[in-house]
Amino acid sequence: MMHRLGSALMLLPAVLPMMAAAQGRVTVTYCCTGDNGRQVCSDVLPKECYGKAYREINSRGITTRHVDAPLNAEQRAHKEAEAKKAKEEEARRLEQDRKNRALLATYSSEQDIDVARGRAIADIQKTIKVSQDKQAELAKQRQKLDSEAEFYKKKTMPAPLQGQIRDNDAEMKAQQDAVEAKQKEIEAAKARYGEEKLRYRELTQKKPAGSPPPAADTRPR
């Protein structure tokens with residue numbers, strides 16, 4: 001008796017659609033695997049299928065949809081993390097593609113990159129020269145201030161002279177900081193243009209996909 005009942009349950013997914021077709025109704029049968037490992041099917045989603053994966057079968061006995069079981073909190077967090085990672089990777093790929101297109105549109109040869117690098121560094125060096133000239137001027141002013149301060153070695157230095165010396169020191173430091181910052185810009189420019197040159201070389205020398213390998217050298221040695 002139990003064997004016949006089990007066989008009937010196994011045939012249920014096929015029987016229900018045929019019964020519906022015989023009655024002229026278009027219906028959907030929902031089937032899932034119950035806790036006991038047996039198939040559970042009905043024309044409405046059985047309670048045994050709540051929280052489980054299930055199938056939707058049309059009136060011709062064809063599975064039209066698979067519905068996955070709801071994810072638990074850990075699975076949802078993992079899926080969201082994977083989706084975020086994939087989105088970030090795609091954004092990086094698109095940004096790199098944009099940079100590659102811009103690079104190829106900006107330069108027509110590696111020599112163009114060298115010219116642009118030299119021009120950028122020359123502009124920075126001009127700014128450095130302005131600061132260095134200012135430093136030289138400040139140094140001359142400081143010599144005069146020191147000469148005046150020498151007179152007050154054994155006296156109280158006037159407040160205006162003290163203020164001029166402080167201002168000179170502060171301006172000299174500011175110009176030195178500016179020079180050092182610009183020198184760092186030169187190093188950064190060298191690195192940036194060096195990377196662009198390497199990338200340009202990779203992009204322009206890259207062989208099309210599927211190109212045959214170079215022929216072997218068969219000359220006698």
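We did not get these values from a lab; they are worked out from the coordinates using the rules stated. Keep in mind that this is a model prediction, so the values were computed, not measured. Cβ coordinates were reconstructed from backbone atoms using ideal geometry, including for glycine residues, and neighbour counts include every protein chain displayed.
A few points about this structure:
- Normalised by 2.2 N^0.38 Å, with N the number of residues, the alpha-carbon radius of gyration of segment 72-161 equals 2.45.
- Set Lys126/Lys190; Lys134/Lys154; Lys134/Lys155; Lys129/Lys197; Lys85/Lys190; Lys99/Lys126 screened for pairs whose C-alpha atoms are more than 23 Å apart: Lys134/Lys154; Lys134/Lys155; Lys129/Lys197; Lys85/Lys190; Lys99/Lys126
- Segment 145-158 - phi-based ³J(HN,Hα) in whole Hz, Karplus 6.51/-1.76/1.60, Gly and Pro as x: 5, 5, 5, 5, 5, 4, 5, 9, 4, 10, 10, 6, 6, x
- Volume per residue of the convex hull around the Cα atoms, evaluated for segment 145-201, comes out as 64 Å³.
- Phi-based couplings in Hz for segment 183-191 (Karplus 6.51, -1.76, 1.60; Gly and Pro marked x): 5, 5, 4, 4, 4, 5, 5, 4, 5
- nm² value of the averaged projected area, convex hull over the Cα atoms of segment 16-173: 25.4
- Each part gets one Cα centre, and for segment 24-102 versus segment 124-188 those centres are 71 Å apart.
- Amide proton proximity set for Ser59, modelled H, under 5 Å, gap of 5+: Thr27
- Among the chymotrypsin sites (Phe, Trp or Tyr not before Pro) in segment 31-124, those placed in a DSSP loop whose Cβ has at most 13 other Cβ atoms within 10 Å are Tyr50.
- Rg/Rh for segment 108-204 (Cα atoms only, Rh after Kirkwood) is 1.32.
- Partners for Lys79 among lysines (Cα-Cα distance below 26 Å; same-chain residues under 8 apart left out): Lys52, Lys87
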